[in-house]
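Participant: Provided herewith is a single structure, encoded as structure tokens, for subsequent inquiry.
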Amino acid sequence: MSNGPGPVRLKGRSFLTLRDYNADEIKNILWVSADLKHRIKHEKQYLPLLQGKSIAMIFEKRSTRTRVSTETGFALLGGHPCFLTSQDIHLGVNESHTDTARVLSGLCDIVLARVYSHSTLEELEKEASIPIINGLSDLYHPIQILADFLTLQEHYGKLDGLTVSWIGDGNNVLHSFMMTAAKLGVHLRIATPKGYEPEGSMVQEAQRLSKQHGTQLVMTSDPMEAAKGSDVLVTDTWVSMGQEEEKKKRLKDFHGYQITKKTGSVANPDWTFLHCLPRKPEEVDDEVFYSPRSLVFPEAENRKWTIMGLMVSLLADYTPQTKMPRF
């Protein structure tokens with residue numbers, strides 16, 4: 001069954017940033033993800049779509065959700081995951097990015113790399129003859145955004161017309177929201193402390209996309225202004241891996257940015273909350289984090305279904321069997 005936006009072929013492509021993907025392509029990945037979730041989780045079907053294939057998982061930075069979702073998801077689809085830390089392959093130290101990319105291209109079918117520098121991914125992608133997936137870099141975290149939007153689509157029944165408010169750091173997760181929201185008809189309201197704004201090039205592209213797709217983009221340093229009239233409140237860690245020395249200053253600079261019921265008091269009545277985890281109490285209090293408004297645990301589970309949907313889209317010719325969700 002197909003009632004999608006038209007022919008979308010992603011097989012063989014890399015996935016470094018959602019900036020490179022248009023609205024139909026993003027919707028198609030989300031559709032495949034929702035379809036796999038329905039068929040495998042709810043209908044208990046076994047779909048060995050990646051039988052005989054292998055993925056190299058390069059992790060310079062640790063992660064619960066990225067590792068477990070990718071490993072279990074690839075295995076559930078019949079493939080073999082191979083987990084590689086910096087102690088295993090010494091990426092760019094004992095072997096250059098160029099040589100690593102060429103070697104893995106002969107041994108595996110796809111690579112997911114979770115790295116410090118986005119340039120590492122670009123070097124791998126340039127030299128590899130197989131798809132490269134960004135499992136996180138300093139600039140983007142695109143696989144997280146797929147999970148976030150699948151979660152919101154499931155909860156609200158649509159994405160078009162929703163307003164998402166980001167209250168926190170101008171980081172890689174926000175950059176990926178900015179490269180995606182307008183393409184799905186989602187309005188974006190952003191509050192960051194002064195000095196912690198998203199990169200200028202990201203702002204320019206988000207403004208262009210907002211104008212192109214007719215959505216609203218608001219940028220402020222006032223969390224309550226960002227939350228006003230919102231459907232979804234989102235935040236992330238204020239102190240990322242590698243920023244531990246800045247912790248004291250960051251906690252001071254982010255004072256007033258904790259998401260609480262007060263923040264939600266100016267949002268829409270049915271507002272919800274997202275956080276990509278791990279979470280610290282200064283970012284969101286327990287009253288919100290463990291409330292029925294919080295979608296953080298369905299969001300975490302959807303990391304598995306969306307990475308599966310993405311890997312199937314990049315490696316197989318697959319047409320979803322269920323009706324395309326309303327986006």
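The values are calculated or read from the model by the stated rules, or taken from the named source; none is laboratory data. The shown structure was predicted, so the numbers you read here are calculated from the model rather than taken from an experiment. Here the Cβ is made from the backbone with ideal geometry for all residues, glycine too, and neighbour counts use every protein chain on show. Areas reflect the complete protein model, heavy atoms only, side chains present, ligands, DNA and RNA absent. Shrake-Rupley method; radii C 1.70, N 1.55, O 1.52, S 1.80 Å.
Participant: Can you pull out the chymotrypsin sites (Phe, Trp or Tyr not before Pro) in the range 1-86 whose DSSP state is coil and whose Cβ has at most 15 other Cβ atoms within 10 Å?
Facilitator: Taking the range 1-86 and a limit of 15 other Cβ atoms within 10 Å, the loop chymotrypsin sites (Phe, Trp or Tyr not before Pro) found are Y46.
Participant: Considering only DSSP states other than H, G, I, E and B, which chymotrypsin sites (Phe, Trp or Tyr not before Pro) in the range 257-308 qualify as loop sites with at most 14 other Cβ atoms within 10 Å?
Facilitator: When the chymotrypsin sites (Phe, Trp or Tyr not before Pro) of the range 257-308 are filtered for loop state and at most 14 Cβ neighbours within 10 Å, Y290 remain.
Participant: Let me ask something else. Taking only Cα atoms and a 10 Å spring cutoff, compute GNM fluctuations for the chain and point out the largest among V103, V288, V232.
Facilitator: V103
Participant: Follow-up. Could you order the peptides 161-167, 312-318 from most to least packed, using the average number of other C-beta atoms within 10 Å per residue? Don't jump to the answer; show the numbers that get you there.
Facilitator: Working: 161-167: 23.6, 312-318: 18.4.
Going from most to least packed, we get 161-167, 312-318.
Participant: Further, regarding this structure: Need the C-alpha centroid separation for the range 210-231 versus the range 141-200, integer Å.
Facilitator: Value for the Cα centre distance between the two parts: 10 Å.
Participant: Then there is this: Excluding residues fewer than 8 places away in the same chain, name every one of the aspartates and glutamates whose C-alpha is closer than 16 Å to that of K304.
Facilitator: Excluding near neighbours in sequence, the set is D35, E71, D148, E154.
Participant: If each residue of separation counts as 0.36 nm, what is the full-extension length gain between R13 and K41 once their alpha-carbon separation is subtracted? Walk me through the numbers before you get to the answer.
Facilitator: On the way: separation 28, 0.36 × 28 = 10.08 nm, distance 2.69 nm.
In short, 7.4 nm is gained.
Participant: Trypsin sites (Lys or Arg not before Pro) within the range 50-156: which are DSSP loop residues with at most 15 other Cβ atoms inside 10 Å?
Facilitator: Counting only loop positions with at most 15 other Cβ atoms within 10 Å, the trypsin sites (Lys or Arg not before Pro) in the range 50-156 are R62.
Participant: Need one word for the range 43-170: rounded, prolate or oblate. Basis is the Cα gyration tensor (sqrt eigenvalues a ≥ b ≥ c); a/c below 1.5 gives rounded, then a/b vs b/c decides.
Facilitator: Cα axes put the range 43-170 in the oblate bin.
Participant: For the chain, what % of the accessible area comes from carbon and sulfur atoms, probe 1.4 Å?
Facilitator: Values: 6720 of 13810 Å².
Its accessible area is 49 percent carbon and sulfur atoms.
Participant: Between K126 and D24, what is the label-to-label distance in nm when each label sits 7 Å out along the Cα-to-Cβ direction?
Facilitator: 3.1 nm
Participant: While we're here: Compute the accessible area per residue over the chain, keeping the other protein chains in place, probe 1.4 Å, unit Å².
Facilitator: It amounts to 42 Å² per residue over the chain.
Participant: Grab the beta carbon distance between Q212 and N94, set R0 = 45 Å, and tell me the FRET efficiency rounded to 0.05.
Facilitator: Details: r = 45 Å, r/R0 = 1.00.
Efficiency, from the Cβ-Cβ distance: 0.50.
Participant: So if each residue of separation counts as 0.36 nm, and I subtract the Cα-Cα distance between A75 and L107, what length gain in nm does that give?
Facilitator: 9.8 nm
Participant: If you take the beta carbon distance between E225 and F297 as r and set R0 to 25 Å, what does 1/(1 + (r/R0)^6) give as a FRET efficiency, to the nearest 0.05?
Facilitator: That gives a FRET efficiency of 0.30.
Participant: What pairs from K61/K247; K41/K183; K37/K280; K11/K126 go past 22 Å between their alpha carbons?
Facilitator: Numbers: K61/K247 18 Å; K41/K183 28 Å; K37/K280 29 Å; K11/K126 17 Å.
Checking Cα-Cα distances, K41/K183; K37/K280 exceed 22 Å.
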